[in-house]
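The values are calculated or read from the model by the stated rules, or taken from the named source; none is laboratory data. For clarity, every value in this text was computed on a predicted model and none was experimentally measured. Positions of Cβ are backbone-derived with ideal geometry, glycine not excepted, and every protein chain shown enters the neighbour counts. Please note that ligands, DNA and RNA were not included when accessible areas were found on the heavy atoms of the full protein model with its side chains. Shrake-Rupley method; radii C 1.70, N 1.55, O 1.52, S 1.80 Å.
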Amino acid sequence: MKKINELLAVVILSLMAVLLAAVGMRLYDTYVINEKTKSEIRQQEEVLSRNREAHDRVQEMRQEIEALSGDREKLGQFLEEIRMDDEEAVPAIAMMDLDMSGMSGNQEVWEEQDAATSGDEMSESSDTTGVSDNATSVSNNMTGASENMTSVSDNMTFVSENNLVSGNALSVSGNDTVSGNAHSVSGNHTVSGNVLGVSGNHTVSGNAHGVSGNDTVSDNALSMSGNDTISVNGFSMSGNALSISGSSAVSENQTVSGDMLGLLPKIEMVYPEITLAMRRQMRNSLEETLLVNWEDQACLEERGVDFSGKKIACLGDSITAAANLEGEEGYLSYAYPSVLKELLGAEEVYNLGVGGSSIGRYWSDAFVERYTQIPKDTDIIIVMGGTNDGFCLSEKEFGSLAERRPWTFCGDLDELMRGLKENYPDADIFFVTPLPNILQDYLMRERTYLLPQKNLADVILTLSAAYDIHVIDLYNSNILDSHDADIVADYMPDGVHANREGYRILAEHIAAELVRSYE
């Protein structure tokens, strides 16, 4: 009996030791988690405090610029002193840490190997027409091809060697359909947009490779990279599902990307065909603004699109809320959403602009946390932000498109776009890149950790393409750019917010872009 009692005591003591060890481990885990949480909260508070100081400084800068806005000569000298050219900007390297295996949306691929690739390196097959000296001869409803030039018929424009056909720029754009034995892309070309992404040294021609018959490729369905070939007579890809029918054959390194498989969209960086720096070389912002505004007014006068039954929601910051005009009676009637309603004759336009707000959580009234205020019956959603984000972002807060973590611009913007697509499936969504403003350059002179505004615009373009969201690219448009003293004097007295005339020009441009999109 004594031995049994001793044995029981040993068992009990062992169980107690195990229990105490388990409790100790649990307490330790809880302690580690609590300390990590406290550390994250402290870091977030430090970021918010730093950003509060930056935004306070921005208010002082606005007053400095406004005080000079009446003297164009002094204003011009002042702006020239603080202006940072694009080549001076420090790129956000973290943004480029991407998975490059897929392509979707209005995307362009810029690869060093493209510049060195010759026609002799293109994929070949027995049914492909002759390929020599970087020239492609295309048959089956195609016109002849000469050296370094492919002639594309069936309502398509000429495409030259080493050119990019992308976005809404040339002949293959938006949600177009490429059909009828008539499309061949070879050599170093890239055809993108919401239609077909072809990269590397591909040949797509006749009935031999890729696109033939009356095939349709739509809704971010297909991505081809490496030396992929898709051959024989036909395939159809649409929506968020994959369907390959007929006698199609898919071989080699074919990659399917986008959200068809329930995954995060693959990302390839998207850059505008004509950048802000390029436009500045052609004309100053005042000239560009007046020219574009003339075109916008003509577009609106001739529009054939009916918006009378449409409800539009404008999610934004102080620019949407018509900052600068608060002292005027009925100032919200001059805000761009109100003018938009007038110009389009829309049934309703909701102004969800909150002054000082940001897209991400590292500052105030984050878009990602208040987009659900958009009414559920909204037909068109316009999101314009990023200006206040620019005053906040170090490389850490900017984040990475590869990770897309919360509390970073890349992560919160991704969450915002995904949430809009999921919660408003029937609405047409438009993202608007921020207007370039001199205050960003001014603040970067004092706070060297800040990233150039261009980085934010590039990420908006890239994620919009991945989620098949429309973009109105104000940043690269060269309109209402407050680096131009005449723009500040005439339309943007504090360097970032417009006056009545400036807000109307902004509204007319957004309205015209909506019309062009629907037409």
Share of accessible surface on carbon and sulfur in the stretch 17-78, whole %, 1.4 Å probe and ligands ignored, is 55
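Ordering ARG26, ARG516 by how much accessible area each has at a 1.4 Å probe, largest first, what is the list?
Greatest to least solvent exposure: ARG26, ARG516.
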Residues whose modelled amide H sits under 5 Å from the amide H of HIS470, counting only those 5 or more places away in sequence or on another chain, are ILE429, PHE431
Quick numbers on the stretch 302-413, Rg and Dmax over C-alpha atoms in Å, give 15.8, 47
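Please compare each pair in LYS38/LYS396; LYS396/LYS421; LYS421/LYS454; LYS310/LYS421; LYS341/LYS376; LYS36/LYS454 to a cut-off of 29 Å on the Cα-Cα distance and tell me which ones are over it.
Working: LYS38/LYS396 19 Å; LYS396/LYS421 27 Å; LYS421/LYS454 25 Å; LYS310/LYS421 18 Å; LYS341/LYS376 19 Å; LYS36/LYS454 33 Å.
Flagged as over cut-off: LYS36/LYS454.
DSSP loop (so not H, G, I, E, B), at most 13 other Cβ within 10 Å: list which GluC sites (Glu not before Pro) in the stretch 356-405 pass both filters.
Values: sites: GLU369, GLU395, GLU397, GLU403; in loops: GLU403.
Those satisfying the criteria are GLU403.
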In vacuo Debye sum over C-alpha of the stretch 258-361, base-10 log of normalised intensity I(q)/I(0) at q = 0.11, 0.16, 0.20 Å⁻¹, listed in q order, is -0.59, -1.10, -1.15
Two pseudo-spin positions, 7 Å from Cα along C-beta at ALA277 and at LYS36, lie apart in nanometres by 4.1
Expressed in square angstrom to the nearest 10, the accessible area of THR30 with a 1.4 Å probe stands at 60
Residue separation between GLU342 and VAL10 times 0.36 nm, minus their alpha-carbon distance, gives in nm 111.0 nm
Taking placed amide H atoms and a strict 5 Å upper bound, the residues 5 or more places from LEU451 or on another chain that come that close are LEU393
Listed by chain and number, the residues whose amide H is under 5 Å from that of GLU347, excluding neighbours fewer than 5 places away on the same chain and using placed H, are GLY309, LYS310
Under a 1.4 Å probe, counting only protein heavy atoms, SER39 has an accessible area in Å², nearest 10, of 40
